[in-house]
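Worksheet: the structure to be examined is printed underneath.
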């Protein structure tokens, strides 16, 4: 009788050990069923997007929220001098992070070229009209709640007089 108890105990322990190994070796793939788009990669069930894309599955180009016609209100940062309200359009540029801004500051006839990263637009120093007059640089930040862009930028004339401006585009 003792040998049946030992055999039963041995069998129970063997089956328990087998089940424990089987249970711990089964790990769920958190990325199963997750499809990251536009070159994004899945890790731990979440997509990590490549530069220029955002969203749960990297489905949206970051610049999409900026591409439209905006009503712009800007003013000189150190005074109360305002620039008359003007209309400026943002369109997609040549790469996924580039945009073109028309009529920037209500001043330029050529497009200002900028880059988008997340909710920020960056304007590298440039002379859009190539006429030797104004050089501009600046940044704009998009607020997803208000759907506004808040700008800070500078304009420098040929005598190196630089003025800073702030703006709100809706």
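Looking at 94, 80, 85, 109, which is the one that is surrounded by fewer than 14 Cβ atoms within 10 Å (Cβ to Cβ), assigned to a strand (DSSP E or B) and without any contact (Cβ under 8 Å) to a residue 24 or more places away in the chain? I'd like the intermediate steps shown before the answer.
On the way: 94 fails: assigned to a strand (DSSP E or B); 80 fails: assigned to a strand (DSSP E or B); 109 fails: assigned to a strand (DSSP E or B).
85 is the lone residue from the list that is surrounded by fewer than 14 Cβ atoms within 10 Å (Cβ to Cβ), assigned to a strand (DSSP E or B) and without any contact (Cβ under 8 Å) to a residue 24 or more places away in the chain.
For region 56-77, give me each residue that is closer than 19 Å to residue 146 by Cα and not in a strand (DSSP E or B). Spell out how you get there, then give the answer.
Residues of region 56-77 closer than 19 Å to residue 146 by Cα: 62-74.
62, 63, 64, 65, 66, 67, listed by residue number.
Within region 115-163, how many residues turn out to be in a strand (DSSP E or B) and surrounded by 13 or more Cβ atoms within 10 Å (Cβ to Cβ)?
Kept after step one, since they are in a strand (DSSP E or B), are these residues of region 115-163: 115-117, 120-126, 135-143, 148-156, 162-163.
Still in the running and surrounded by 13 or more Cβ atoms within 10 Å (Cβ to Cβ): 115-116, 120-123, 126, 135-142, 148-156, 163.
Result for region 115-163: 25.
Just a yes or no: is a residue in region 47-70 touching a helix residue (DSSP H, G or I) at 6+ places or on another chain (Cβ under 6 Å) and closer than 18 Å to residue 170 by Cα?
Restricting attention to region 47-70, the residues satisfying the condition of being touching a helix residue (DSSP H, G or I) at 6+ places or on another chain (Cβ under 6 Å) are 52, 54.
This time we only want the ones that are closer than 18 Å to residue 170 by Cα, so: none.
No, region 47-70 contains no residue that is touching a helix residue (DSSP H, G or I) at 6+ places or on another chain (Cβ under 6 Å) and closer than 18 Å to residue 170 by Cα.
May I ask you to list pairs of residues, at least six apart or on different chains, whose Cβ atoms are under 8 Å apart, with the first in region 123-145 being without any contact (Cβ under 8 Å) to a residue 12 or more places away in the chain and the second being surrounded by 13 or more Cβ atoms within 10 Å (Cβ to Cβ)?
127/133; 127/134; 127/135; 127/136
Computed from the coordinates by the stated procedures, all read-outs in this text should not be read as laboratory data. Only a predicted model underlies this, so the values are computations on that prediction, with no experimental measurement involved. Every residue, glycine among them, receives a Cβ derived from its backbone with ideal geometry; neighbour counts consider all protein chains shown.
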